[in-house]
Amino acid sequence: MNPLELLAITFIEDVTNLQTVCTYFLIGVMVAAFLERSITKAGYPMEWSDRFWVILGWPLASAIFIYHFIKGFFSND
């Protein structure tokens, strides 16, 4: 078995593990709560669909938030 097949099998076994899925969603809920508080404090309301997508895509959502936070922090405005 080549290393790519071994990596694919390991990935599929890890992704289908219930503990991994629960951990992913738990982290997503915590990140979504933090981002929602920050976004609503800035004056933008969040809807349920926004919360859903933030929970599902929390790695991307947190990366975008950190990028714009740093960009706004060092901005001259």
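All conditions in (1) of a type outside the set (S, T, N, Q); (2) open to solvent by 50 Å² or more (accessible area, probe 1.4 Å); (3) free of Cβ contacts under 8 Å to residues at least 12 places away in the same chain hold for residue 25, with the sole exception of (3).
Just to be sure before I move on: is residue 54 surrounded by 12 or more Cβ atoms within 10 Å (Cβ to Cβ) and over 9 Å from the mean Cα position of the chain (by Cα) in the structure I sent?
Working: surrounded by 12 or more Cβ atoms within 10 Å (Cβ to Cβ): yes; over 9 Å from the mean Cα position of the chain (by Cα): no.
When the stated conditions are applied, residue 54 does not pass them.
Give the residue, chosen from 5, 13, that is of a type outside the set (A, V, I, L, M), surrounded by 10 or more Cβ atoms within 10 Å (Cβ to Cβ) and assigned to a helix (DSSP H, G or I). Talk me through it step by step, then tell me what you get.
Numbers: 5 fails: surrounded by 10 or more Cβ atoms within 10 Å (Cβ to Cβ).
Among 5, 13, only 13 is of a type outside the set (A, V, I, L, M), surrounded by 10 or more Cβ atoms within 10 Å (Cβ to Cβ) and assigned to a helix (DSSP H, G or I).
The number of residues in segment 54-73 that are of a type outside the set (Val, Ile, Thr) and over 19 Å from residue 23 (Cβ atoms) comes to 7. The set of residues in segment 16-55 that are part of a helix (DSSP H, G or I), within 24 Å of residue 66 (Cβ to Cβ) and aliphatic (A, V, I, L, M) comprises 26, 27, 29, 30, 31, 32, 33, 35, 39, 54, 55.
The values are calculated or read from the model by the stated rules, or taken from the named source; none is laboratory data. Since we're looking at a predicted model, the values are computed, not measured. Here Cβ is always computed from backbone atoms with ideal geometry, including for glycine, and neighbour counts include all displayed protein chains. Each accessible area value is taken on the protein alone, full model and side chains, heavy atoms only, with ligands, DNA and RNA left out. Shrake-Rupley method; radii C 1.70, N 1.55, O 1.52, S 1.80 Å.
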